[in-house]
Structure formats: structure tokens, C-alpha cells
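**Student:** Below is the structure I would like to discuss, written out as C-alpha cells.
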Amino acid sequence: MSTHKDKLVIFDTTLRDGEQSPGASMTKDEKVRIGKMLEKMRVDVIEAGFAIASPGDFEAVKAVAQAVKDSTVCSLARAVRADIERAGEALKNANSGRIHTFIATSPIHMKYKLQMEPDAVLAQAVEAVKIARNLSEDVEFSLEDGSRTEPDFMYRIIEAVIAAGASTINIPDTVGYGTPEEYGALFKNVLNHVPNADKAIFSTHCHNDLGLAVANSLAAVMNGVRQVECTINGLGERAGNASLEEIVMAVQTRKDFYPVETTIDTRHIVPTSRLVASVTGFPVQPNKAIVGANAFAHESGIHQDGVLKHRETYEIMKAEDVGWNANKLVLGKHSGRAAVRARFEELGVTFDSPEALNDAFKRFKDLADKKHEIFDEDLQALVSDVKAESVDEIYRFVGMEVNCKTGQKPRAELTFTRLGQSVTTSSEGSGPVDAVFKAIEKEVNSQSALELYSVNAITAGTEAQGDVTVRLARNGEIVNGVGADTDVVAASAKAYLHALNLLESEGRAHPQRGV
Ligand code: KIV
Ligand code: ZN
């Protein structure tokens with residue numbers, strides 16, 4: 001039996017398709033932090049954004065391209081010159097850059113969305129790839145809604161874009177409609193029918209509307225695909241994308257079955273999952289495979305007994321191989337500035353000025369006073385807090401007093417700043433958090449609806465920081481504010497004010513709404 005394994009390219013799109021989840025938008029600094037973690041994990045390609053979407057997105061792609069050296073950095077671009085040139089500009093300083101251009105190819109998308117004839121779509125795709133090739137050696141072409149595209153048209157367009165210079169061909173299951181057998185067969189047919197198919201790497205990009213994204217991606221791998229597009233925690237548009245951690249661990253754990261291997265350093269999976277959850281405010285469900293809090297917890301007596309006698313009776317993977325238990329005690333109350341700075345740098349956090357470092361160090365000391373053990377996750381949350389306060393900041397939390405007594409209505413008095421001016425407000429509420437939110441709204445009157453409120457402990461133990469997400473919606477716009485503090489009511493106030501700041505910041509274009 002041959003032991004040769006093909007390399008499976010891992011293309012992470014957390015920073016682009018992941019960011020298309022309602023409310024999951026990330027700042028430039030947050031993208032750089034996540035990008036550095038993905039690089040450390042040895043992700044092959046990082047899709048950093050959609051450069052033409054907004055000036056902020058352009059700057060974010062550019063910053064990730066500058067910060068990341070070992071992974072290829074990619075920008076999405078519709079199949080139009082302006083998009084492609086903007087992507088090329090953002091990637092100018094990348095060590096290794098890729099332009100990813102796409103156009104919809106299914107009958108329904110061409111007729112209703114693009115209002116174009118297939119031949120015109122084909123011509124535009126070829127033109128787009130040629131423009132991209134003038135700016136980058138590495139060009140990927142995607143057939144949007146590929147899984148619902150007519151096979152003969154698909155073969156024609158793929159042959160033409162490979163001839164024009166595309167070296168990766170992605171056939172997405174954009175609407176999450178495919179089934180593993182059907183989607184796998186699609187690739188088999190493409191490889192058999194496209195005469196120059198051997199000149200490109202084929203790629204899968206699956207959405208999870210039917211919960212089949214990972215199964216569909218792996219079926220594609222079994223039929224010749226050698227790149228998988230995926231996201232951390234399965235974050236992404238609607239029900240999300242195929243989850244990176246599930247794909248990577250399936251291939252690694254079942255190496256007896258899959259004919260491919262990745263070069264991912266799996267020990268960084270859990271810390272990266274935590275970072276993405278804390279930055280986006282999308283918590284990970286406890287029973288999520290690989291990265292959920294219960295993924296390696298054996299509750300039943302029979303399981304525990306078995307695992308104690310011989311781990312492999314019930315465990316197919318080692319928790320430490322994916323980074324569980326890796327949260328080491330990194331720093332304490334007596335750690336100095338240099339140690340704190342070095343640890344931040346290892347986490348991909350750099351400070352633009354001595355003042356920014358001083359601020360982070362002061363926050364670290366304040367936290368160390370309240371909490372004896374400081375873990376990497378605490379530092380990540382601390383930085384999220386600093387960044388949440390500094391980006392397009394209008395409102396900033398200052399302090400509060402909350403009174404709760406059994407049998408009496410909780411009351412909160414809160415002070416925050418609005419454009420630097422101090423505002424003090426108070427309210428009663430059904431609970432302390434409700435009282436804080438009502439007090440803020442009394443002053444701000446944001447006209448937004450609270451869509452989600454969630455609290456998670458960042459680390460174990462009762463002295464852990466609470467990580468709060470507040471999702472607000474206004475006129476169709478959705479934002480997720482995050483806040484962390486050992487006091488969950490203070491964390492809630494910070495998260496609410498962060499969400500209000502995000503509501504006031506600039507909007508961005510969506511790549512899949514028309515060309
Ligand atoms: O789902 C999709 O089709 C996409 C493409 C733009 C690659 O995200
Ligand atoms: Zn997608």
C-alpha cells in the first residue's frame with residue numbers, strides 16, 4: 001500500500017467570509033492579530049478581506065499582508081477591473097499574495113442577479129483573470145454558486161480561466177445545497193472533462209445551511225480536491241462555512257482513510273478559536289466538535305471509567321494536540337513591563353506607541369490585582385477591550401455602582417464619556433444588567449434592538465473574567481459589542497457601549513450583492 005499523501009492546502013477565510021456573518025466585522029488590528037495566529041498555525045492561505053468593500057477593509061488587507069510573512073495573503077475581488085486593482089494594491093507588499101476573483105455561474109444567478117448571458121459571463125471571467133495575472137502570479141478563480149452550475153458551462157469556463165492563468169479553481173457550494181455524493185461527483189466529472197485540469201489545484205468552499213459543509217468538503221477531497229476553504233469555528237455567512245478545525249482534525253485523525261495531509265500545527269487550534277470568538281462576539285457552542293468546552297469532557301461513569309483504564313476506549317484525539325490545556329499561567333502580579341510586552345508580542349499584539357504599551361500594562365496590573373492567575377485568554381480579552389475603546393470611539397465606560405437586594409428592584413448608576421464629555425445616568429431594571437442597559441439608553445436613545453446578550457467565562461474558576469457579547473440591530477445593520485471584566489455587570493456595560501460605537505462606524509459593501 002502506498003504511503004504517499006498529497007498536500008491539502010488549507011485556505012482560511014475567517015477574515016473575509018467569516019466576517020460576513022451579521023455583526024462579525026473586525027477592525028484592522030483584530031484582523032492582524034487573528035492573521036498572526038493563523039500564520040503561527042501554519043495556515044497556507046489567509047483570505048484577509050474584500051479590499052474594495054471599504055477603506056477600512058482595504059487597510060486591513062494591507063496590514064495583514066504586511067504583518068504575515070509565512071502564509072500567502074489573499075484578497076477577494078469581483079470579476080471587475082476596479083475590484084481586482086484594489087486587491088492588487090492592498091497586496092502590493094505581501095511576501096506571497098493571491099488575488100481571488102469570482103463571478104456567479106449558475107443559471108439562476110446569471111439570469112436574476114447578473115442579468116447576463118453565459119457567454120458574457122465567460123468572457124468577463126477570462127478578462128478578470130487576465131487583469132489579475134498582470135498584478136499577481138497567484139490567481140484563484142471561483143464560480144459562485146458552482147454547485148448549481150450547468151456542467152457543460154462549468155467545464156467551458158474552467159478550461160478558459162485556467163488557460164488565462166488561474167492556478168486555483170474554486171467551485172463553491174455557495175448556498176449550502178449540495179450533498180456529499182453529488183458534490184464529490186461534481187469534482188470527479190470536472191477533472192475528467194476539463195482538458196487542462198491538471199494545470200490547476202481544485203478547491204472547495206462549502207456553506208453549512210444543511211449542516212453538510214464539512215462532509216461536502218471531505219467528499220470533494222476524496223474526489224481530487226487539494227484545497228479546502230474554511231473558517232475558524234465554522235464562522236461565516238448565514239449558517240457558516242466548513243470549520244477549519246473539523247477538516248484538519250478529520251484528515252489527521254483518519255489518516256488511514258484520507259489520501260491527503262495538512263501542515264497545520266494543530267496545537268494552536270483552541271487558542272485561535274478563543275481569539276476569534278472573543279473578537280467577533282460569536283461564542284462557541286459547548287458541544288462544538290474539537291473546540292467546544294465539552295468536546296473532550298467525559299461525563300458518564302462508563303466513559304470516565306473506560307478513559308481512565310485506557311484513553312483510546314472513548315477518545316479518538318488527544319485534547320492537548322488541539323491546544324486544550326495549553327492555557328498556561330503566563331504572568332502574575334509581579335511580572336514586569338518587558339515580560340508583559342514580550343508575551344503580548346507572542347500573541348501577535350504590537351503597540352503603536354509607548355503610551356499604548358503603558359495603557360495595556362496598567363490594565364494588566366489592575367487585572368492582576370483582581371485575579372491571581374493571568375492566562376493568554378485574559379491578555380487577549382484585555383487587548384480586545386483596549387481596541388474596542390480606541391476604534392471610532394464615541395462612548396467609553398468609566399465606572400458604575402449597582403445596588404441589588406432581594407425583594408427590591410436593582411438600580412444602576414453609571415458614568416461613561418460621550419466624545420470625551422462625562423455623562424452620569426441611572427435606572428432601575430428587572431436585574432442589574434437590565435438596569436445598566438436602560439440607564440445607557442436613557443441618555444443615548446440609540447433606537448436599536450437588543451438581539452443577543454451572552455456571558456461566557458474566559459478561563460476556569462470563579463475569579464475568571466466574564467466575556468460578554470451584546471448584539472444590537474438598527475435599520476438592518478447588526479453589530480456585536482464585546483466587553484470583558486471580572487465583574488460581569490461592568491463587562492456588560494462595556495459590551496453595550498462597544499456595540500453603540502460600532503453602530504456609529506462606517507458601513508461596508510457586501511461582495512456577493514451584484515457586480
Ligand atoms: O460562498 C461563496 O460562493 C463565496 C465566494 C465569493 C467564494 O464566498
Ligand atoms: Zn462563501
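The values are calculated or read from the model by the stated rules, or taken from the named source; none is laboratory data. This one's a predicted model, so the numbers in the text were calculated from it and none came from an experiment. Every residue, glycine as well, gets a Cβ built from its backbone with ideal geometry; the counts of neighbours run over all protein chains shown. Just so you know, the surface numbers come from the protein's heavy atoms only, side chains and all, with ligands and any DNA or RNA stripped out. Shrake-Rupley method; radii C 1.70, N 1.55, O 1.52, S 1.80 Å.
**Student:** Would you please calculate the Kirkwood hydrodynamic radius of segment 6-280 over all C-alpha pairs and express it in Å, rounded to one decimal?
**Tutor:** Result for segment 6-280 stands at 18.2 Å.
**Student:** I would also like to ask the following. What does the charge count around Gly306 come to, taking other residues whose C-beta lies under 11 Å from its C-beta (Lys +1, Arg +1, Asp -1, Glu -1)?
**Tutor:** -1
**Student:** Pairing the Cα long axis of helix 337-346 with the longest principal axis of the chain, what angle in degrees results, from 0 to 90 and rounded to the nearest 10?
**Tutor:** Approximately 30 degrees, to the nearest 10.
**Student:** Another question, then. What does the helix-only formula give at 222 nm for the chain: each DSSP H stretch with n ≥ 4 adding -39500 (n - 2.57), the total divided by the residues, and the result rounded to the nearest 500 deg cm²/dmol? Don't skip to the answer; put the middle values down first.
**Tutor:** Working: 15 runs with 195 residues, N = 515.
Result for the chain: -12000 deg cm²/dmol, rounded to the nearest 500.
**Student:** Using alpha carbons only, what's the Rg to Rh ratio of segment 219-306 with Rh from Kirkwood? Walk me through the intermediate numbers first.
**Tutor:** Details: Rg = 14.6 Å, Rh = 14.5 Å.
Over the Cα atoms of segment 219-306, Rg/Rh equals 1.01.
**Student:** Continuing with this model, one more query. Taking the Cβ of Thr3 as the center, what net charge do the other residues with Cβ under 13 Å away carry, scoring Lys and Arg +1 and Asp and Glu -1? List each step's numbers first, then the result.
**Tutor:** Values: positive: Lys5, Lys255; negative: Asp6, Asp256, Glu261.
Neighbour charge sum, excluding Thr3 itself: -1.
**Student:** Excluding Leu15 itself, calculate the net charge of residues whose Cβ lies under 11 Å from the Cβ of Leu15, where each Lys or Arg counts +1 and each Asp or Glu counts -1.
**Tutor:** Neighbourhood net charge equals -2.
**Student:** Expressed as cubic angstrom per residue, what is the convex hull volume of the alpha carbon set of segment 337-387?
**Tutor:** 71 Å³
**Student:** Okay, moving on. Accessible area of Tyr453, 1.4 Å probe, to the nearest 10 Å²?
**Tutor:** Taking all protein chains as shown, Tyr453 has close to 80 Å².
**Student:** Continuing with this model, one more query. Report, please, the projected area of segment 391-504 averaged over directions, based on the convex hull of its C-alpha atoms, in nm². Don't jump to the answer; show the numbers that get you there.
**Tutor:** Values: hull surface 28.7 nm².
Mean orientational projected area (segment 391-504, Cα hull): 7.2 nm².
**Student:** Still on this structure: If you roll a 1.4 angstrom probe over the protein chains with everything in place, what fraction of the accessible area of the chain belongs to carbon and sulfur, to the nearest %?
**Tutor:** 50 percent
**Student:** Å³ per residue of the Cα convex hull, for the chain?
**Tutor:** 165 Å³
**Student:** With a probe of 1.4 Å, find how much accessible area the chain has per residue, and write the answer as a whole number in Å².
**Tutor:** 43 Å²
**Student:** Over the chain, what is the mean sequence separation of C-alpha contacts under 8 Å (at least six apart), divided by residue count, expressed as relative contact order in percent?
**Tutor:** Over the chain, the number comes to 12 percent.
**Student:** Roughly what % of DSSP beta bridges within the chain run antiparallel, to the nearest 5?
**Tutor:** So the antiparallel bridges amount to about 50 percent of the total.
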